[in-house]
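Quick notes on the structure that follows.
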Amino acid sequence: MAAVPPSRGPLRGLLNPLDGVRFGLLFLGLLFVVTGLLPVAEAEASIRRIGPLLVFLGSVIVLAELTKEAGVFDLIAERMARLGRGGYGALFLLCVAFAALTTTFLNLDTTAVLLTPVMLALAPKARIAPLPLAMTTVWLANTASLLLPVSNLTNLLAADRVALEGPGFAARMWAPQAASVAVTMVLLWVWYWRRGARGADRYDPPEPSPVRDRVLFSATGLACLLFIAAILAGVEIGVAATAAAAVAVLAFAVRDRSALRPALIPWRLLVFVTGLFLVVPTLSRYGLDAVMTALIGSEGGVAGALRAAAAGAGLSNLLNNLPAYVAGEAVVPVGDRDQLLALLIGTNVGPVITPWGSLATLLWFEWCRRRDVQVPIVRFVLTGAALAVAGCAAAVGALLLTG
């Protein structure tokens with residue numbers, strides 16, 4: 001879960017309204033430990049579990065931030081709009097591909113934090129309505145996060161439990177990913193991209209912009225490609241992300257040290273996730289496990305998988321997808337891989353109804369606010385509910401059919 005990039009002023013952007021929630025969550029978690037509501041041994045085990053994941057996420061966010069700073073994302077968005085040649089159908093397919101690939105290989109929060117402002121900045125240049133671009137970003141940040149362990153923190157949490165490395169994970173989840181993305185595309189087109197929703201027949205392809213520094217552009221682009229190749233080859237994700245980030249940092253240290261500012265380190269991520277993994281185990285000790293057991297039930301098969309997905313999606317939209325997955329994982333039988341993966345589908349595809357369903361969605365709302373993009377909340381909730389139901393059902397069906 002990545003941090004919102006800071007503003008350029010010396011004080012603005014250091015804190016934002018969400019930071020009160022993040023620090024409050026960490027304080028509450030520490031209070032639970034101090035008061036004994038969460039035993040120290042359990043707290044240590046929880047922090048040890050997420051330690052390597054925080055290293056990965058911190059590294060991949062640094063890599064993505066520097067890649068954006070080098071202009072890679074901006075050039076891709078611009079070339080994508082030019083390739084569409086003014087046709088909304090072609091632009092739609094290109095935007096879907098861009099958002100899905102970014103989510104799959106660089107994590108859903110990278111899509112929310114870095115791709116959202118790029119796409120929203122493209123809108124006025126090409127005279128494109130911003131809402132279709134914005135909705136494509138936020139929906140695919142969630143629904144395209146099933147394929148690889150690196151795509152979502154919940155996947156990283158599940159990887160050890162399901163005993164699947166990168167290639168094996170992808171082999172099991174390619175069909176659910178394809179199903180959820182297909183449903184997302186249909187609903188995006190019907191509700192946000194078709195002529196009656198977008199309000200224009202064609203758009204104006206933007207003029208080409210020069211690359212500021214071709215060495216940085218090439219180095220960061222190569223670092224991203226090496227990272228993707230490494231995870232597909234089965235290299236440990238923390239090692240792959242750290243090595244790729246090191247390449248990008250080294251390039252900027254040589255060419256533009258001013259970009260290597262402390263704000264690159266996603267401290268908000270560390271605060272939020274650390275607090276979350278102290279609070280959730282405490283809640284599980286005092287009733288959350290019982291609630292999830294009642295929701296998921298004890299039966300396996302199709303019914304068990306659907307209930308797990310529904311419980312994960314429902315709790316994600318009430319709380320957040322991270323505590324929803326952790327709470328659900330605790331009550332799913334160890335040997336039932338399909339039910340655990342169905343829970344994962346619910347916590348990845350489902351959190352598209354409420355603004356706090358996933359941190360990616362929360363950060364996306366912050367970017368829309370900064371860019372003065374009006375998001376009709378009733379429309380967001382209703383269309384998100386339809387996507388959550390249809391997307392989860394399609395993905396769970398694909399999981400079971402290909403199992």
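Numerical summary
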item	result
Where Leu250 falls short, out of the listed (1) touching a residue at least 40 places away in the same chain (Cβ under 8 Å); (2) loosely packed, with under 15 Cβ neighbours inside 10 Å; (3) not basic (Lys, Arg)	(1)
Gly199, sole failed condition from (1) over 20 Å from the mean Cα position of the chain (by Cα); (2) modelled with pLDDT of 85 or more	(2)
Condition met for Ala246 (over 22 Å from Arg48 (Cβ atoms), among the hydrophobic types (A, V, I, L, M, F, W, C) and part of a helix (DSSP H, G or I))	yes
Which numbered condition Val381 misses (of (1) in contact with a helix residue (DSSP H, G or I) (Cβ under 9 Å, 6 or more places away or on another chain); (2) in contact (Cβ under 8 Å) with a residue 24 or more places away in the chain; (3) not charged (D, E, K, R))	(1)
Filter result for Gly346 (within 30 Å of Val113 (Cα to Cα), modelled with pLDDT of 95 or more and not aromatic (Phe, Trp, Tyr))	yes
Residue count, segment 261-291 (criterion: of a type in the set (A, V, I, L, M) and under 17 Å from Leu114 (Cβ atoms))	4
Any hit, segment 356-364, residues being in contact (Cβ under 8 Å) with a residue 12 or more places away in the chain, under 17 Å from the mean Cα position of the chain (by Cα) and surrounded by fewer than 19 Cβ atoms within 10 Å (Cβ to Cβ)	yes
Answer residue from segment 322-381, given it is small (Gly, Ala, Ser) and in a helix (DSSP H, G or I) and is nearest to Leu399 (Cα to Cα) among those	Ala342
Matching residues in segment 154-183 - criterion: being in contact with a Gly (Cβ under 7 Å, 6 or more places away or on another chain), surrounded by fewer than 20 Cβ atoms within 10 Å (Cβ to Cβ) and in a helix (DSSP H, G or I)	Pro167
Filter result for Leu54 (of a type in the set (A, V, I, L, M) and either modelled with pLDDT of 85 or more or under 30 Å from Val239 (Cβ atoms) (or both))	yes
Unmet criterion (only one of (1) at pLDDT below 95; (2) surrounded by fewer than 24 Cβ atoms within 10 Å (Cβ to Cβ); (3) outside any loop (DSSP other than H, G, I, E, B)) for Ala390	(1)
Count of residues meeting criterion [under 13 Å from Cys368 (Cβ atoms) and surrounded by fewer than 24 Cβ atoms within 10 Å (Cβ to Cβ)] in segment 110-128	4
Counted residues, segment 283-301 - those being under 20 Å from Arg49 (Cβ atoms) and either under 25 Å from the mean Cα position of the chain (by Cα) or of a type in the set (Lys, Arg) (or both)	5
Scan of segment 34-51 for residues that are at pLDDT 85 or above, surrounded by 18 or more Cβ atoms within 10 Å (Cβ to Cβ) and assigned to a helix (DSSP H, G or I), ordered by number	Ala43
Close pairs (7 angstrom Cβ cut-off, 6 or more residues apart or separate chains): farther than 29 Å from Leu387 by Cβ in segment 186-212, assigned to a loop (DSSP other than H, G, I, E, B) and at pLDDT 80 or above anywhere	Asp204/Gly86; Asp204/Arg127; Pro205/Arg85; Pro205/Gly86; Val211/Gly71; Arg212/Gly71
Among (1) surrounded by fewer than 16 Cβ atoms within 10 Å (Cβ to Cβ); (2) touching a helix residue (DSSP H, G or I) at 6+ places or on another chain (Cβ under 7 Å); (3) of a type in the set (Lys, Arg), the one test that Arg268 misses	(1)
Of all residues making up segment 237-279, the number that are closer than 12 Å to Phe56 by Cβ, under 19 Å from the mean Cα position of the chain (by Cα) and not β-branched (Val, Ile, Thr)	6
Options Phe217, Phe277: the member that is part of a helix (DSSP H, G or I), at pLDDT 90 or above and surrounded by 16 or more Cβ atoms within 10 Å (Cβ to Cβ)	Phe217
Every residue from segment 58-99 that is among the small types (Gly, Ala, Ser), touching a residue at least 60 places away in the same chain (Cβ under 8 Å) and surrounded by fewer than 23 Cβ atoms within 10 Å (Cβ to Cβ)	Gly58, Gly71, Gly84, Gly86, Gly87
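Residues checked against (1) modelled with pLDDT of 85 or more; (2) assigned to a helix (DSSP H, G or I); (3) in contact with a His (Cβ under 8 Å, 6 or more places away or on another chain):
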position	(1), (2), (3)
Ala3	no, no, no
Arg8	no, no, no
Leu18	no, yes, no
Val60	no, yes, no
Asp74	no, yes, no
Leu94	yes, yes, no
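The values are calculated or read from the model by the stated rules, or taken from the named source; none is laboratory data. Every value quoted in this text rests on a predicted model; they were computed, and no experiment measured them. Don't worry about glycine lacking a Cβ; one is built from the backbone with ideal geometry, like all the others, and counts go over all protein chains shown.
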